[in-house]
1. Which of the following residues is touching a residue at least 24 places away in the same chain (Cβ under 8 Å) and under 15 Å from residue B:65 (Cβ atoms): B:104, B:136?
2. Filtering the stretch B:19-63 down to residues that are in a helix (DSSP H, G or I) and within 14 Å of chain A (Cβ to nearest Cβ), which residue is farthest from residue A:12 (Cα to Cα)?
3. For the stretch B:207-222, how many residues meet the condition of being under 15 Å from the mean Cα position of the chain (by Cα) and within 12 Å of residue B:30 (Cα to Cα)?
4. So how many residues does the stretch B:155-179 have that are farther than 21 Å from residue B:112 by Cα and without any contact (Cβ under 8 Å) to a residue 24 or more places away in the chain?
5. With respect to the numbered conditions (1) over 16 Å from the mean Cα position of the chain (by Cα); (2) surrounded by 24 or more Cβ atoms within 10 Å (Cβ to Cβ); (3) farther than 22 Å from residue B:144 by Cβ, which one is the sole condition not fulfilled by residue B:40?
6. Output the number of the condition that residue B:71 fails; it satisfies all remaining conditions of (1) under 23 Å from residue B:203 (Cα atoms); (2) within 14 Å of chain A (Cβ to nearest Cβ).
7. Within the group B:65, B:77, which residue is touching a residue at least 60 places away in the same chain (Cβ under 8 Å) and touching an Asp or Glu at 6+ places or on another chain (Cβ under 7 Å)?
8. Filter the strands (runs of 3 or more DSSP E) completely within the stretch B:64-129 down to those with at least 1 residues that are hydrophobic (A, V, I, L, M, F, W, C) and surrounded by fewer than 19 Cβ atoms within 10 Å (Cβ to Cβ).
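The values are calculated or read from the model by the stated rules, or taken from the named source; none is laboratory data. These figures come from a predicted structure and were not determined experimentally. Virtual Cβ from ideal backbone geometry, glycine too; neighbours counted across all protein chains shown.
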Amino acid sequence: MAEFRFCVSVMPKPGILDPQGRAVEGSLPYLGVDSVSSVRIGRRVELTVEAATESGARTIVERLADDLLANPLIEAWTAEAIV
Amino acid sequence: MDGGGHRLKVGVVVFPGSNCDRDALHAARLAGAETLSLWHEQTDLHGADALILPGGFAYGDYLRAGALARFSPIMGAVSDHAARGGLVLGICNGFQILAEAGLVPGALVRNASLRFEHRWIRLRVERRDTPFTSAVPDGMTLRMPVAHGEGCYVLPAADLRSLEERRGVLFRYAAPEGNPNGSAHDIAGVIDQAGNVCGLMPHPERASEAVLGSDDGLLLLRSLVASAAAAVAVPA
């Protein structure tokens, strides 16, 4: 068995209201920035999986992402191996 | 209560972080039921005829409201109860848990205002032919409080259309206070396809006695208790 580290990024799906992103965007003029738009706020989850192979570890990560880390109605996720 | 020897039992599920469980128990008793608390680590409903998932902040609302509570050991029994046609009412955080569990459609996200909205609102009752609304007089709007940070009801457009078509919207925020959280179609509460699981963001249990400012919410608890009692009275 080996340990594999993954990062899962969870983002609101396009079209889903993201009031946090909108609030951040709304504050940009106070920083004198007018060239930034489409701010979206999501979540990054890092975790370590013990498994025989990286693909075995990835299968577990994908199950967690689907069932728990993201709500598929409103969020999309990507997973990548990290060190 | 009816001399049949069986007093209807409402079970209130208590998650770590639930904080409206005692209010729910009290309101269910006012509505004529016997009550019991069901700790979330149990896997047995101890004879409860109907269930309430109360408000609060189960598991601190970490990850997403309801996302972790959905995997509590008791949720298997809650799903089985719902699948058998048993009544389940999710209030506020309880609604969020039911939505995360897929027992009612939709998701509840951060209020459009980004504020925790706690105030009195008015509800239009879209259907009175359900176990949760049968005691509501025709044409009456219900006054009760909301208190939530994540109550904005979201559903992809196609699903929202089919929800409306099957009359799955049970409650909508109504004038003059209106929609407190940005919910699609002013949706405050929904009912599942089979018609025995309901979730709503406002708090009927906090409007169950005149001294609280309104007893309109008791009508929903009375509907639940009467409907569950009628179901129990039918021989298997």
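1. B:104
2. First, pick out the residues of the stretch B:19-63 that are in a helix (DSSP H, G or I): B:21-30, B:58-61.
Those left that are additionally within 14 Å of chain A (Cβ to nearest Cβ): B:59, B:61.
Working: B:59: 22, B:61: 17 Å.
Out of the qualifying residues, it is B:59.
3. 8
4. First pass over the stretch B:155-179, keeping only residues farther than 21 Å from residue B:112 by Cα: B:158, B:161-168, B:170.
Among the residues that remain, those that are also without any contact (Cβ under 8 Å) to a residue 24 or more places away in the chain are: B:158, B:161-162, B:164-165.
Here the count works out to 5.
5. Of (1) over 16 Å from the mean Cα position of the chain (by Cα); (2) surrounded by 24 or more Cβ atoms within 10 Å (Cβ to Cβ); (3) farther than 22 Å from residue B:144 by Cβ, only one is false for residue B:40: (2).
6. (1)
7. Criteria check complete, one pass: B:65.
8. B:117-125
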